[in-house]
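Notes to accompany the following structure.
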Amino acid sequence: MSATGEPISIKEIQSGDLLIWTRNPYSPVSDFIIRTIGVLTKSDYGHVGIAWKLGDLNKEELFVVEATIPEVAVNRVTEDRHFYCVQADVMWEESLRRFLLDHVRMKYGYEDALRALWGKKARHDDRVQCAELCHGFFEKAGILLPEEYRPKDVVRNLSRVTGNPVRRVILES
């Protein structure tokens, strides 16, 4: 599945939207994992995370809550790491913020990356893989997706449920 909608400006992304990657130019290991998941699942997408805007109206910055080795983290979205978005239209509220913060620092390793490849959930409560984290977030937000836990499944299912297409993100110059 490649981007199907009109491109979206990074400024249009809201907290709770699904962010999607095809590669990671900053980490050879992460890039290999993302590309491998994409190839073996026959998808353009190998990694997903949840958008989180922080700041005030004068200066908002886009972050992503994502499961990356070695743990779930809140990372600033960099302007040279190309990505995609499915707008989720969630009502951002304290319970969603708390859900994400409760997952920060959960462990994520190579075994978890393999689970993302096969669409399996974590076997322990202290671990999570990227698609599982996003699936749980949308469930908490009241968006019920089929119980499929590969990045391509979360992308496809969220797009179907919300009616919003995958859109390539245009970075501001």
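No lab work stands behind these numbers, since they all come straight from the coordinates. The model shown is predicted, which means the values in this text are computed figures rather than measured ones. In this analysis, Cβ positions are derived from the backbone assuming ideal geometry, glycine residues included, and neighbour counts consider all displayed protein chains.
Compactness ratio for the stretch 79-173: Cα radius of gyration over 2.2 N^0.38 Å (N = residue count) comes to 1.13. If you take every DSSP beta bridge fully contained in the chain, what fraction is antiparallel? Give it as a percent rounded to 5. Within the chain, antiparallel bridges account for around 90 percent of the total.
Averaged over residues, the count of other Cβ atoms within 10 Å places the peptides 9-18, 102-111 in the sequence 9-18, 102-111, highest first.
Per-residue packing, averaged as other Cβ atoms within 10 Å, sorts the ranges 60-69, 89-98, 126-135 into the order 126-135, 60-69, 89-98, beginning with the highest.
A P(r) calculated from all alpha carbon pairs of the chain, with 10 Å bins opening at zero, reads 11, 43, 38, 8, 0 percent. For the chain, the number of Lys pairs separated by eight or more positions or lying on different chains, with C-alpha atoms closer than 23 Å, is 15.
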